[in-house]
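Notes to accompany the following structure.
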Amino acid sequence: MRNEKRSTKVSGKISAVSAARMDGGESGQIMVSLLLMLTIFLLAMVGFAVDLTNLWFHRQAAQTAADSACQAGAMDMAALAAGMALPNMGFTPGTSANCSTGGGTICFYANANGYNGAGLTPGSPSNSVAWSFPTSVPNVTTPPGTITSYPFLKVVVTENVKTHFLYTIHGTSYQQVAASCTCGTTQIPEAAPMIVLNTSASGAFTYSGGGRLTIVGGPQRALQVNSTSPTAIDCIPSGLIDTSLGGPKGTGSSVGISGGPSQAPTTCWGGGFNGGTTGGWTGGALPVGDPYAGVAAPASVKLISPLSTTNGISVAKAASGKAGADGCPDPSNNCIELAPGYYPAGITTDGWHTYIFLPGIYFLGGSLNSGGSSTLRMATPCSPTCSPISSTMAQQTDGLMFYFLAGSINISGCSGCSNSDLPVPSTALTCDGSAPVASLNMPSTLNGNILVGQCAANGTYWDAGGDTTDSRGAPGSRGLLFYQDHGDATQPQFTGSGALTFSGALYFHSTGYSDLLSLNGGTSTGTFVLGQIVADQVSLTGSGAIKMALNPMPSTPLLKVGMLQ
C-alpha cells in the first residue's frame, strides 16, 4: 500500500513536470507566430503606405498639369473674347474634346507637365487629358454673353498608376487618379487703361506731327493696344506718349502692345515715349477685352420725346458776371437748351450759340455736330434759376450720355474757342466735388466745350427705363459720356482749335473694329479727359493732343483670367 502511494506521488510529480514543460513549449510557439503575424502586418502597412504615397504624388502632379493647362486655355479664351484670332489654339470653345483627338494650347501645357493625354489603356501606365465648358460655376458671376459665349473651362487629367500591395484589395495592379481644374474669364472691377481694340491694324494707334498723349495717374498699364501688327503703334517724328506721371504712385506707367514695336520708337521726338522712372514699353502683351461690351443700349430712351424741340429753346443769358437760367454761361447771347430724349436726325449747332444740355441720356440717330464758334456745356437745372423746361435742382452727380445709333461726335472749327463764357470750376468734373489730380495741370477754372458723364455706381450709365443694372452713384464714377452703337462705323472727329474738356468714358467700337477716333488741328490748346478712352483706332496728328487722367479706382469691369475651382 505504501509503495502504491509512493508510486502515485512520483507519477503525479512527473505529470506536473511534463505539463509544465509542454505549456512552456507551446507558449514559445505562440509568441513566434504572433511576432510573424505582426511583421507581416507591418510590412503590409508599409506597402500600402508606399502605394498610397505614390498615388498622392501622382495626384499632385496631375493637379499641376490640370491647373496649368486650364489657365493656358483660359488665356486663349480671353484673347478670343478680345477679338484676337488664335490659329494655334487647338480647341473650340463650347466643344468638349480630349488630347487623343485634338491638340493646341491645353495639350501643350499638359504635356509639358508630363501628361501626353494619349488616352487610358487598361492594365498599363497611361493618361488622358479632357476638357469641357461648364455653363456656370457656383458662386461665380457669369459674364454677359455679349462679351463671351463660353467663359468657363474645365480640364480633367486622369492617370493609370502602377501599384503593388493595393492589388490585394482591388484585384488590379493599376489604380486611377484624377485631378480637375475649372477656370475661365470673369469681370472684375479694376482701374482701366486707355484701350485701342483693333486686333490687326498697322498704326492702330498713330501719333505724328506734334500729336501727343499725356496720361497721369491710373493703373500701372496706361495704354493697351490690342493689334498684333508689328507696327501696331506708329510714330512719326515729333509725336510723343508721355506717361511719366502715370501709375498708382505717379512715377510712371507702361504701354502694352499685343504686337509691336517691342521697344519704344526711336524715330520720334525724344524717343516717342517717356515712361518716367517706373514706366515701360512691352510688346507681345496679352490683349485687354472691351470692358463695355456687355453694356446694353439705352433702348427705352428712344421712346422719349425731348421736352425741347430738335433746335432747343432759348434760355436767358448770363448777366453781371452771373449765370443765366439753368447755368447759361453766355453773357452775349441767350443759350440754346436741350433736354434728354430721342433725336432721330442728331443735333447740329448753329455755329454761334452756346448749347446747354440738361442731365440725362440723348439717343441720337445722327451726329452731334458742333462747328463755328458754338460752345457745348452742361446745364445746371434751376441754378441759379429754372428754365421753362427744368424743375429740379442740379446735383454734383448729374451728367449726361450721348448714345449714337448712327452718326458720331464731330467738333470742328472754333467750337469751344470762346473765353467770354463764364468759366466752370474744375471741381464740377468729379463726382465728389474734389479737384482733379494735380499732375494733370488742369486750370482751376475752365472755358470752352465742357461735358461730363453721369455718376454711376459701376461706371457705366443708368436710366429710368432700366436698360442697365447700373445705378446712380453716390458719388460713384463718371460713366459713359459718348457711347457709339456697335453697328455704327461713323468716325468720331475732334478738329479745329477749340478747348475740349470731357469727364467720363469715350467709347467708340464697331463690330468691324473700324471706329477711328481722330484728334488733329489745334486741339492741343486745352484738351482734357478725366476718364477712359476705348476706341478701335486712335490717331493724333497735327498738334492734336490728349491730356488724360485715368481713374485710379477699380471702377471699370475688365475681363480677367483666373482659377475658379
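Mind telling me which of the residues 338, 376 ends up being more than 22 Å from residue 531 (Cβ to Cβ), aliphatic (A, V, I, L, M), in the same structural domain as residue 471 (by TED's automatic domain parsing) and in contact with a Ser or Thr (Cβ under 7 Å, 6 or more places away or on another chain)?
Working: 376 fails: more than 22 Å from residue 531 (Cβ to Cβ).
338 is the lone residue from the list that is more than 22 Å from residue 531 (Cβ to Cβ), aliphatic (A, V, I, L, M), in the same structural domain as residue 471 (by TED's automatic domain parsing) and in contact with a Ser or Thr (Cβ under 7 Å, 6 or more places away or on another chain).
I'd like the full set of residues that are modelled with pLDDT under 90, under 17 Å from residue 53 (Cβ atoms), in contact with a strand residue (DSSP E or B) (Cβ under 9 Å, 6 or more places away or on another chain) and among the aliphatic types (A, V, I, L, M), limited to region 168-191.
177, the sole residue that qualifies.
Could you identify the single residue in 347, 356, 411, 389 that is at pLDDT 90 or above, in contact with a Cys (Cβ under 6 Å, 6 or more places away or on another chain) and aliphatic (A, V, I, L, M)? Spell out the reasoning first.
Values: 347 fails: in contact with a Cys (Cβ under 6 Å, 6 or more places away or on another chain); 411 fails: in contact with a Cys (Cβ under 6 Å, 6 or more places away or on another chain); 389 fails: in contact with a Cys (Cβ under 6 Å, 6 or more places away or on another chain).
Answer to the selection: 356.
Going by the conditions given, is residue 215 buried (at least 21 other Cβ atoms within 10 Å of the Cβ), out of contact with any Phe, Trp or Tyr (no Cβ under 7 Å at 6 or more places or on another chain) and not in a loop (DSSP other than H, G, I, E, B)?
It is true that residue 215 is buried (at least 21 other Cβ atoms within 10 Å of the Cβ), out of contact with any Phe, Trp or Tyr (no Cβ under 7 Å at 6 or more places or on another chain) and not in a loop (DSSP other than H, G, I, E, B).
Could you identify the single residue in 262, 258, 254 that is in contact (Cβ under 8 Å) with a residue 60 or more places away in the chain and closer than 30 Å to residue 85 by Cβ?
258
Taking residue 306 as the residue in question, decide whether it is part of a loop (DSSP other than H, G, I, E, B), touching a residue at least 60 places away in the same chain (Cβ under 8 Å) and assigned by TED's automatic domain parsing to the domain that holds residue 448.
no
Among residues belonging to region 141-165 that are of a type in the set (D, E, K, R) and crowded, with 21+ Cβ neighbours inside 10 Å, point out the one that is nearest to the chain's Cα centre (by Cα).
Initially, region 141-165 is screened for residues of a type in the set (D, E, K, R), giving 154, 159, 162.
Going one step further and asking which of them are crowded, with 21+ Cβ neighbours inside 10 Å, we end up with 154, 159.
Numbers: 154: 21, 159: 36 Å.
So, considering only residues that are of a type in the set (D, E, K, R) and crowded, with 21+ Cβ neighbours inside 10 Å, the one nearest to the chain's Cα centre (by Cα) is 154.
Quick grid of which residues meet (1) part of a strand (DSSP E or B); (2) surrounded by 20 or more Cβ atoms within 10 Å (Cβ to Cβ):
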position: 185; (1), (2): yes, yes
position: 209; (1), (2): no, no
position: 227; (1), (2): no, yes
position: 231; (1), (2): no, no
position: 241; (1), (2): yes, yes
position: 256; (1), (2): yes, yes
position: 262; (1), (2): no, no
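Against the conditions (1) of a type outside the set (A, V, I, L, M); (2) at pLDDT 90 or above; (3) under 30 Å from residue 468 (Cα atoms), where does residue 143 fall short? Just the number, please.
Every listed condition holds for residue 143 apart from (2).
Between a residue in region 123-140 that is within 17 Å of residue 184 (Cβ to Cβ) and any residue that is surrounded by 17 or more Cβ atoms within 10 Å (Cβ to Cβ) and of a type in the set (D, E, K, R), which pairs come within a Cβ distance under 6 Å, given they are 6 or more apart or on different chains?
Going by the 6 Å Cβ cut-off, the qualifying pairs are 132/154; 134/154.
Taking region 348-364, which residues are in a strand (DSSP E or B) and either surrounded by 22 or more Cβ atoms within 10 Å (Cβ to Cβ) or touching a residue at least 40 places away in the same chain (Cβ under 8 Å) (or both)?
354, 355, 356, 357, 360, 361, 362, 363, 364 - these are the residues of region 348-364 that are in a strand (DSSP E or B) and either surrounded by 22 or more Cβ atoms within 10 Å (Cβ to Cβ) or touching a residue at least 40 places away in the same chain (Cβ under 8 Å) (or both).
Among residues belonging to region 464-480 that are buried (at least 22 other Cβ atoms within 10 Å of the Cβ) and not small (Gly, Ala, Ser), point out the one that is modelled with the lowest pLDDT.
The selected residue is 478.
Specify the residue that is surrounded by the most Cβ atoms within 10 Å (Cβ to Cβ); the eligible residues are those in region 93-113 that are within 19 Å of residue 132 (Cβ to Cβ) and among the hydrophobic types (A, V, I, L, M, F, W, C).
106
Out of all the residues in region 534-549, which are out of contact with any helix residue (DSSP H, G or I) (no Cβ under 6 Å at 6 or more places or on another chain) and either crowded, with 24+ Cβ neighbours inside 10 Å or assigned by TED's automatic domain parsing to the domain that holds residue 82 (or both)?
Answer for region 534-549, where residues must be out of contact with any helix residue (DSSP H, G or I) (no Cβ under 6 Å at 6 or more places or on another chain) and either crowded, with 24+ Cβ neighbours inside 10 Å or assigned by TED's automatic domain parsing to the domain that holds residue 82 (or both): 534, 535, 536, 538, 540, 546, 548.
Please go through region 58-92 and pick out each residue that is among the acidic types (Asp, Glu) and either under 24 Å from residue 510 (Cβ atoms) or surrounded by fewer than 21 Cβ atoms within 10 Å (Cβ to Cβ) (or both).
Correct list: 67 only.
Being in contact (Cβ under 8 Å) with a residue 12 or more places away in the chain and buried (at least 22 other Cβ atoms within 10 Å of the Cβ) is true for just one of 426, 390. Which residue is that?
390
Might you check whether a residue that is in the same structural domain as residue 349 (by TED's automatic domain parsing), touching a residue at least 12 places away in the same chain (Cβ under 8 Å) and among the hydrophobic types (A, V, I, L, M, F, W, C) occurs anywhere in region 270-279?
no
The values are calculated or read from the model by the stated rules, or taken from the named source; none is laboratory data. Just so we're clear, the structure is a prediction, and the values are computed from it rather than from any experiment. Because the Cβ atoms are built from the backbone with ideal geometry, glycine has one as well, and the counts that use them run over all protein chains shown.
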